[in-house]
Amino acid sequence: MRSLRMAPPLPLIFLLMIVGAFGTEWSVKYNQQEICALKGSTVFINGTYTHPEHLTVRAAFWYIDPVKGVKLTDLSKDPDYSGRVEYFTDEQKHFSLKLSDVMKKDEHQYCFRIIAKVDKQKWTGKPGVRLRVTELHVETPEEVTEGETADLTCKTTCSLTDPTFIWYKNGRPLTTKTIKNNQLHLQTVSSEDAGSYSCAVRGYQHLSSTAHNLRVRYPPKNISVSISPSGGIVEGSSLTLTCSSDANPPVKNYTWFKEGGTSPVGSGQNCSIINITADHTGLYHCEAQNEHGAQNGTVMVTVKSQSLYAVWIAVGGNADPNAKDDTYTALQPTARSSDNVYHTLAAVQSSSPDDTYTALDPQSSSPEYHTLAIDSPETNDDVKPYCLSE
């Protein structure tokens, strides 16, 4: 009976060496399986590779979206990537793909391909690295009321790697507000917080988000009251009081009051007073009101009375050379004509050595002196202290 002899182990060892030489030592490892990049930025896809020691790498390149049976296209030769891709490798078998000016259409699966010089040996690192592209977007409440809190969020469609967010208001960096991760926190909102907000990632400030407007509701403030015309106010004239205010929403009601009265004297942003009398003199209050509150503004109206007065002008005269320097002329108030014109002024020599005032006789008119008088306008007794709304 012949004995059964076992085959020597050498062929098995040899088989393992062959398998190892042609396949088991190939490998491609990526640092990340997925990368999120800002639109317009530059992204690097990195990793390491190995190959059988007896082989020499002839070529290494990148391609996208591997499909079985479809010829692979080197990205550097793809017109869509022309001038935007660079390949890097070193002796330690590190590799890197640099992709500049990332676009939304660059969202693909990126794979590294190695080809040896002999025996057509090659290796592909599947499934590769998934590239996602995002833009920044500011999310805010549409409106917030003064005194409330508000959170603004800088949103992305994928997770950026360790980003540091920067916030801008009306194009200027915010340095005094609380920023946590991708949120801007407004603890107590004021009307000054209203404005246009945008965000960016440090290192890519030029790729900031589209600005988003934050509206703040608040009661009237900064009330101002003006008078037109702005010159002196005299009896018989007219004027308009105008009330203006900063408020959101805009002021709904303007109400006018006169100091000392309990009832409104008018309403509306403009209030006109016509045929003014002295009774209109006083302090006027404008109350501006919207749904969030009210505030007052004041203005003083002073009416000047246009009374009868006379202006006397001395135009010349021959004085007695013996008269004293302290000789005066005087008006006789009873010497008034029916047309409200005073007629006479005369220089009279003092008859006594002391300072003597001599009244003028309206009949002794001297050609060296003349008089001017201005009539007082008639007053309207029907005028009342109220204003007409416009």
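The values are calculated or read from the model by the stated rules, or taken from the named source; none is laboratory data. Nothing here was measured: the structure is a model prediction, and the numbers come from that model. Ideal geometry is used to build each Cβ from the backbone, glycine not excepted, and the neighbour counts take in all protein chains shown.
Key figures
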| quantity | calculated |
| --- | --- |
| Members of segment 274-302 found to be assigned to a strand (DSSP E or B) and modelled with pLDDT under 90, listed by number | none |
| Residue list for segment 24-61, restricted to those being among the aliphatic types (A, V, I, L, M) and under 30 Å from Thr210 (Cβ atoms) | Ile35, Ala37, Leu38, Val43, Ile45 |
| Whichever residue in segment 33-65 is of a type in the set (Gly, Ala, Ser) and free of Cβ contacts under 8 Å to residues at least 60 places away in the same chain and, among such residues, is surrounded by the most Cβ atoms within 10 Å (Cβ to Cβ) | Ala60 |
| For Val189: the one exception among (1) more than 16 Å from Pro141 (Cβ to Cβ); (2) of a type outside the set (Ser, Thr, Tyr); (3) in a loop (DSSP other than H, G, I, E, B) | (1) |
| Wholly enclosed strands (runs of 3 or more DSSP E) of segment 82-179 bearing at least 2 residues under 30 Å from Leu55 (Cα atoms) | 85-89, 94-99, 109-116, 122-124, 129-134 |
| Subset of segment 192-244 [part of a loop (DSSP other than H, G, I, E, B) and within 16 Å of the chain's Cα centre (by Cα)] | Ala194, Ala211 |
| Of all residues making up segment 146-183, the number that are closer than 24 Å to Lys104 by Cβ, surrounded by fewer than 17 Cβ atoms within 10 Å (Cβ to Cβ) and β-branched (Val, Ile, Thr) | 4 |
| Verdict on Gly260 being in contact with a strand residue (DSSP E or B) (Cβ under 8 Å, 6 or more places away or on another chain), more than 30 Å from Val138 (Cβ to Cβ) and outside any strand (DSSP E or B) | yes |
